[in-house]
Amino acid sequence: MSSCVQESIKKSVAIIGCGASGLAALKNFTADDSQFQCVAFEQTESIGGTWVYTDDVDTDQYGLPVHSSMYKTLRSNLPKEIMELSGFPHKNVGDACYFPAAYILKYLNDFTDYFNLRQYIKFHHHVENISPINNDQWEVKVIDLQQKSKQILIFDAVVVCVGNYSNPAIPDVKGADIFCGKIMHSHSYRDADPYKNSSVLVVGCGASGLDISFGVSKVAKKVFLSHHNPNLMKLKIPSNYFHKTDIKEIVEDGVVFQDGSYEQIDTIIYCTGYTYKYPFLSSECGIRVENNVIKYLFKHMINIEYPTMGFIGVPRNTTGFYLFDLQSRIFKKILEGGVKLPCKKEMMEDTQKEINERLASGQRLKDLHALGRTKWAMNYYTSVTKFADVEHPPPVLLQIYFDGLGRLSEDFLNFRGDKYKIVDREHYQVQYYDKNEPIIKKQILYSF
């Protein structure tokens, strides 16, 4: 009888999405000492989120937008040392640090099975709408895509874990409407074969822009990379690969650049990032996205209007897997009553203060949720861990992230051969790799 009573008072939690962030949340919320009953909704047939490759682009078999942005040749651009979920280290991989996407997906599946998480997941379930009811509960409307049936469920809390890489950001460029070629986003790129013997313009020099431009250069007649990062001018590039300035305008058969030059172009591939989008949240939830800023979140994770809704993984350009685990542990602690939230006014003031400080430092508003190699990265972790009274993440994780990010742009062709080794919470060693001279290029010991 006592166990039944204990079970009945557990709070119900809906977890939306089963990529890495959703799995981290599910593992924490279903731990042995958990006060919660969890249901996770995943609209595809498998866990993994953006790490799941599919040939589908635009829409899937159910007519829903394709979530994954995975292409066939993608390899992780972060070392494994900062792509590890709590309680489940990488095994049997030697000293290698960068892996194909298939390995990361296997790691997530192994994690799921090790912690017996599949029992909580409803696959092929699309969350259509979430609305607040009774002031402190949530009405979740779900479609069983296989059975073509709808269900309305009530939960005490909602954890939004839908990732940041499924809603393409495509610039509005003059002349795009008259272009006779193809304009697409890297979200729909799968492999280089369609671009054989053509002239391709890749816009953007992040990891995907570099990956795709170098990949396409193996089959294309010419590849142009439009960017404004002077560090990339040192890259070793193929003879059919050319750096270009930002786009001035698009014409019928090509592109005019800011320096006045013109190139005939068959396909434009925008590698220009993604926007936050939550079409399943009703307006009553109090969440809206403006200029790529989610209004309004306390500590980039708590819905200020309804604090029983949390968002895992909103901050980008940081130690993703560790962040997912940290945020989900903190949100769980809040729901358990172990952390007392400030009142709405104080949460709003705290959020606005950060916005004002970032803008005053010269940061763009649309980058509010970006941490990257800035003081805001350490500031965020210090702020959120102090607020929740949890252990600060090992500084070495951020330092490895910063180092790996720098290596990506400095030596893109070789950085995935680098080998990192964590010494302790504050120190690490790294061996930089050059395929033309496969020896230790530099060995360093960092202290943050």
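Counted as qualifying within the range 278-321 are no strands (runs of 3 or more DSSP E), as none has 3 or more residues that are aromatic (F, W, Y) and in contact (Cβ under 8 Å) with a residue 24 or more places away in the chain.
Would you mind listing the strands (runs of 3 or more DSSP E) fully within the range 119-169 where at least 1 residues are among the basic types (K, R), closer than 15 Å to V39 by Cα and in the same structural domain as V289 (by the TED database)?
121-123, 137-144
Out of curiosity, is P194 within 30 Å of W51 (Cα to Cα) and either assigned to a helix (DSSP H, G or I) or in contact with a Leu (Cβ under 7 Å, 6 or more places away or on another chain) (or both)? Taking the combined requirement at face value, the residue satisfies it. Could you list all residues from the range 170-188 that are assigned to a loop (DSSP other than H, G, I, E, B) and closer than 14 Å to V255 by Cβ? Result: P171, V173, K174, G175, F179, C180, G181. With respect to the conditions (1) farther than 21 Å from E81 by Cβ; (2) loosely packed, with under 14 Cβ neighbours inside 10 Å, H392 lacks only one, and its number is (1). Out of V142, V127, V93, one residue alone is touching a strand residue (DSSP E or B) at 6+ places or on another chain (Cβ under 6 Å) and under 27 Å from Y322 (Cβ atoms). It is V127.
Among the criteria (1) open to solvent by less than 20 Å² (accessible area, probe 1.4 Å); (2) not aromatic (F, W, Y); (3) not assigned by the TED database to the domain that holds E81, the one G417 does not fulfil is (1).
Checking each residue in the range 396-406 for being aliphatic (A, V, I, L, M), under 15 Å from K80 (Cβ atoms) and open to solvent by 10 Å² or more (accessible area, probe 1.4 Å) picks out only L397. Only a single criterion out of (1) surrounded by fewer than 14 Cβ atoms within 10 Å (Cβ to Cβ); (2) modelled with pLDDT of 75 or more; (3) not aliphatic (A, V, I, L, M) is not satisfied by K435, namely (2).
Of everything listed in (1) touching a Pro at 6+ places or on another chain (Cβ under 9 Å); (2) open to solvent by less than 30 Å² (accessible area, probe 1.4 Å), the single unmet condition for V293 is (1).
Looking only at residues in the range 73-96 that are closer than 21 Å to F115 by Cα and either in contact with a Pro (Cβ under 9 Å, 6 or more places away or on another chain) or among the charged types (D, E, K, R) (or both), the one that is most open to solvent (accessible area, probe 1.4 Å) is K91. Please work out which residue is most open to solvent (accessible area, probe 1.4 Å), limiting yourself to the range 116-144 and to residues that are touching a residue at least 24 places away in the same chain (Cβ under 8 Å) and of a type in the set (D, E). Per the criteria, the residue is D136.
Taking the listed residues S361, S409, the one that is open to solvent by 10 Å² or more (accessible area, probe 1.4 Å), under 27 Å from E84 (Cβ atoms) and of a type in the set (S, T, Y) is S409, with no other qualifying. Looking at the range 369-419, which of the residues that are polar (S, T, N, Q) and in a helix (DSSP H, G or I) is nearest to P100 (Cα to Cα)? Result: S409.
The values are calculated or read from the model by the stated rules, or taken from the named source; none is laboratory data. Given the structure is predicted, the values throughout are model-derived calculations rather than measurements. Positions of Cβ are backbone-derived with ideal geometry, glycine not excepted, and every protein chain shown enters the neighbour counts. For accessibility, only protein heavy atoms count, side chains too; no ligands or nucleic acids. Shrake-Rupley method; radii C 1.70, N 1.55, O 1.52, S 1.80 Å.
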